[in-house]
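Undergrad: Sharing a structure, written as structure tokens. Questions coming.
The values are calculated or read from the model by the stated rules, or taken from the named source; none is laboratory data. Just so it is clear, the model here is predicted, and its values are computed rather than measured. Please note: Cβ atoms are built from the backbone with ideal geometry, for glycine as well, and neighbour counts cover all protein chains shown. We work out accessible area using only protein heavy atoms, side chains counted, and drop any ligands, DNA or RNA first. Shrake-Rupley method; radii C 1.70, N 1.55, O 1.52, S 1.80 Å.
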Amino acid sequence: MMLPRTAARSAQGAAKSLRVASLATPALPQRTLPAIWARGMAKDNKPRFSSPKNPVSKPTPAPSAPTDATTPQSKPAAAAPTQPAQSQAQPQTKPEVPEEQEPIPDLSKLPDLTQGIPSTLEYERAGASRSSLSAVEEPEASTSGGSGRAKGELPASAYISSADRRRAQMFKWMLLAMGLSVVGGTAYLGRDWDEDELAKNPDAPNGWGFGLWWNRAMARLGETKSYYQDPAFDKLLPDPDPSFARPYTLCISLEDMLVHSEWSRDHGWRVAKRPGVDYFLHYLSQYYEIVLFTSVPLAIAEPVLRKLDPFHFIMWPLGREATKYKDGEIVKDLSYLNRDLSKVIIIDTNANHVRAQPENAIVLPKWTGDAKDTKLVSLIPFLEFIHTMDYADVRKVIKSFEGTDIPTEFARREAIARAEHQKRLEAMRGKAKPSGGGMSWLSGLLGLKPANMSLMVPPEGEENPAEALASGKMLQDIARERGIRNYKMIEEEIRKNGEKWLKEDQEMQEKMTKEAMKSMQSSFTSWFKTEEPPSNNTPEKSA
């Protein structure tokens with residue numbers, strides 16, 4: 001009885017020791033836990049180091065030994081259950097291997113933010129193809145060939161705000177209104193002409209056909225466009241005055257021709273007058289109707305003109321309002337001048353400005369402020385020669401000087417003609433003069449026309465033209481002497497009466513300004529005045 005009970009107690013003690021060993025083995029010491037917690041290590045709330053997955057179950061108590069063991073064979077039978085118990089507890093005593101731990105990040109490589117935000121240049125050079133933001137924003141490619149949207153993803157219209165929807169709807173209504181306005185405007189422009197309009201547009205008659213309607217609309221649209229591109233008036237100059245008739249019209253530009261403007265930080269805008277401008281205008285005013293034709297707006301050019309020509313030798317000033325806008329360029333169209341183009345000459349510095357009538361143009365280089373310039377004054381003999389010879393078409397004369405410097409070429413031709421004239425005079429000397437007198441044979445010799453005979457009539461105090469020609473002078477020499485004499489008379493009158501003329505002109509300007517202001521005020525106040533009813537104060541007739 002005693003031996004089996006002792007064996008059972010020993011078996012129970014061994015089982016208890018094995019259970020305590022199996023429970024205590026997986027536990028690690030506290031010092032092995034990481035001391036620093038990082039964001040990457042906190043994926044879940046489960047403890048990092050857990051207990052074994054398969055804890056050892058409590059062993060069942062050994063069966064009690066039989067109480068009546070009378071024979072000695074019961075001793076080995078009682079000891080037999082201890083062997084399988086030991087064999088089952090032996091493998092459970094081995095500690096289980098814990099789960100693989102995640103690596104602890106090296107915090108020493110993190111940037112020191114106390115010194116500011118570090119640069120990302122090294123990261124960009126490392127070949128980063130896309131940022132984290134773009135990786136989040138880009139939708140994942142669907143497995144069905146890259147088309148469509150992923151499962152559970154909303155359509156693109158779900159991401160449009162209500163403000164964007166209203167804006168898109170408003171844009172559609174605007175397009176619709178614009179289309180309707182275009183159609184309605186075209187229909188209105190294509191309406192039938194009035195009587196006056198029909199006379200001006202014979203190529204687009206009235207009618208209900210679509211083609212006729214379209215032609216009228218295009219004609220009216222062209223008139224609207226020409227309002228902004230064509231000159232302000234169909235006739236820029238009034239009809240010639242017979243009392244102040246000049247056979248030729250000379251148009252001349254202002255900017256870089258008569259004056260030159262410069263701006264500097266120290267002085268601002270400064271305007272310089274070209275050398276010889278006064279002589280050029282005063283001398284040629286006796287032969288030409290001088291017109292200032294500039295591309296500058298008249299409101300800007302007028303103050304300069306008042307100081308440049310205070311005595312009004314320039315008869316008509318024309319500004320940008322008188323020019324034509326074509327292909328992005330300002331064009332001075334001489335056909336609007338109301339003058340015969342065969343008698344018109346224009347002097348300009350820009351060939352594009354005179355491209356409408358290049359055969360009437362003399363293009364000079366721009367004057368940049370040179371105080372010794374003589375190119376403008378050197379044109380006077382050529383322009384004077386045209387008036388003296390009374391050419392029927394100045395365009396042919398200008399064409400003959402094409403591609404040359406006109407003052408230089410004219411001086412060369414004049415020297416040749418003078419030499420030829422001297423030879424003819426030497427050949428005619430000693431011969432008998434025709435019965436018609438010296439005037440007729442000299443005019444035939446020089447090829448003078450009847451219109452040139454006005455120069456042959458000498459005014460008082462002037463040398464007889466026949467004697468002047470016989471002495472070797474040419475016709476242009478006689479005209480030049482007469483022109484210089486008239487120029488001196490004009491300058492003498494300016495010295496005597498110039499101040500008085502300027503004062504009278506100033507008074508006239510002030511008077512005109514006051515009248516304009518008074519007219520403007522009366523027209524403005526008339527809007528607020530009410531008409532007074534007629535008074536009934538007439539006396540009654542006595543019976």
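Undergrad: Output the relative contact order of the range 250-394, whole-number percent, from Cα pairs under 8 angstrom with separation of 6+ residues.
TA: Computed value for the range 250-394: 28 percent relative contact order.
Undergrad: Let me ask you something else. Ordering ARG339, ARG274 by accessible area with a probe of 1.4 Å, largest first, what comes out?
TA: Values: ARG339 35, ARG274 5 Å².
Final ranking, largest accessible area leading: ARG339, ARG274.
Undergrad: In addition: In nanometres, what is the gap between the two model label sites at ASN464 and PHE171, each 7 Å from Cα along Cα-to-Cβ?
TA: 9.5
Undergrad: Can you tell me the length gained on complete extension of the stretch TRP316 to GLU329, counting 0.36 nm per residue apart and subtracting the Cα distance? Could the numbers behind the result be given before it?
TA: Working: separation 13, 0.36 × 13 = 4.68 nm, distance 2.32 nm.
Length gained, TRP316 through GLU329: 2.4 nm.
Undergrad: How do TYR228, TYR487 stack up against each other in accessible area, from largest to smallest, with a 1.4 angstrom probe? It would help to have the intermediate numbers written out before the result.
TA: On the way: TYR228 170, TYR487 45 Å².
Result of the area sort, largest leading: TYR228, TYR487.
Undergrad: Can you tell me how much longer the chain between GLN115 and GLU492 gets when fully stretched, taken as 0.36 nm per residue apart minus their C-alpha distance, in nm with one decimal? Let's see the in-between values first.
TA: Numbers: separation 377, 0.36 × 377 = 135.72 nm, distance 8.87 nm.
Separation in residues times 0.36 nm, less the Cα-Cα distance, equals 126.8 nm.
Undergrad: Using the heavy atoms of the protein chains alone and a 1.4 angstrom probe, what is the accessible area of the range 195-245 per residue in square angstrom?
TA: 79
Undergrad: A follow-up question, please. Ignoring ligands, DNA and RNA, how do TRP173, TRP193, TRP269 rank by accessible area with a 1.4 Å probe, largest first?
TA: Numbers: TRP173 160, TRP193 15, TRP269 180 Å².
The ranking, largest first, comes out as TRP269, TRP173, TRP193.
Undergrad: Tabulate in residue order the Karplus-calculated ³J(HN,Hα) for the range 250-255, using 6.51 cos²θ - 1.76 cosθ + 1.60 with θ = phi - 60°, rounded to whole Hz; enter x for Gly and Pro.
TA: My calculation for the range 250-255 gives 10, 9, 9, 7, 9, 6 Hz in order.
Undergrad: Please state the shape class of the range 173-267: rounded when a/c is under 1.5, otherwise prolate if a/b exceeds b/c and oblate if not, all from the C-alpha gyration tensor.
TA: Details: a/c = 5.11, a/b = 1.61, b/c = 3.17.
Oblate is the answer for the range 173-267, as a/c is 1.5 or above yet b/c matches or exceeds a/b.
Undergrad: Using 1/(1 + (r/R0)^6) with R0 = 22 angstrom and r between the beta carbons of ASP393 and MET508, what's the FRET efficiency to the nearest 0.05?
TA: On the way: r = 39 Å, r/R0 = 1.78.
Efficiency for this residue pair is about 0.05.
Undergrad: Still on this structure: Please work out the FRET efficiency for the pair LEU425 and LYS235, using the Cβ-Cβ distance as r and a Förster radius of 41 Å; give the result to the nearest 0.05. It would help to have the intermediate numbers written out before the result.
TA: Details: r = 49 Å, r/R0 = 1.18.
So the FRET efficiency works out to roughly 0.25.
Undergrad: Counting only protein heavy atoms and a 1.4 Å probe, tell me what percentage of the range 314-417's accessible area is made up of carbon and sulfur.
TA: Values: 2710 of 4980 Å².
Looking at the range 314-417 in its full context, I get 54 percent from C and S.
Undergrad: Over 28 Å between Cα atoms, which of LYS235/LYS343; LYS375/LYS473; LYS332/LYS518; LYS273/LYS332; LYS375/LYS496; LYS332/LYS503 qualify? Don't jump to the answer; show the numbers that get you there.
TA: Details: LYS235/LYS343 17 Å; LYS375/LYS473 26 Å; LYS332/LYS518 36 Å; LYS273/LYS332 23 Å; LYS375/LYS496 31 Å; LYS332/LYS503 34 Å.
Table pairs above 28 Å Cα-Cα are LYS332/LYS518; LYS375/LYS496; LYS332/LYS503.
Undergrad: Hey, another quick one. List the residues, sorted by chain then number, that are 5 or more residues from SER253 or on another chain and whose placed amide H is less than 5 Å from its amide H.
TA: PHE293, ILE347
Undergrad: Based on the Cβ-Cβ distance from ALA272 to PHE524, what FRET efficiency comes out when R0 is 45 Å, to the nearest 0.05? Don't jump to the answer; show the numbers that get you there.
TA: Working: r = 42 Å, r/R0 = 0.93.
Given R0 = 45 Å and the Cβ-Cβ separation, E is 0.60.
Undergrad: Roughly how far apart, in whole Å, are the Cα centres of the range 160-207 and the range 343-420?
TA: Distance between centres, Cα-based: 52 Å.
Undergrad: About the Cα centre of the range 239-372, how large is the charge dipole given +1 on each Lys and Arg Cβ and -1 on each Asp and Glu Cβ? Please answer in debye to the nearest 20. Could you put the intermediate results ahead of the total?
TA: Details: 16 positive and 18 negative charges, 48 e Å.
Dipole size: approximately 240 debye.
Undergrad: Could I ask something else about it? Over the range 170-291, what is the mean sequence separation of C-alpha contacts under 8 Å (at least six apart), divided by residue count, expressed as relative contact order in percent?
TA: Values: 85 pairs, mean separation 22.6, N = 122.
Contact order relative to length: 19 percent.
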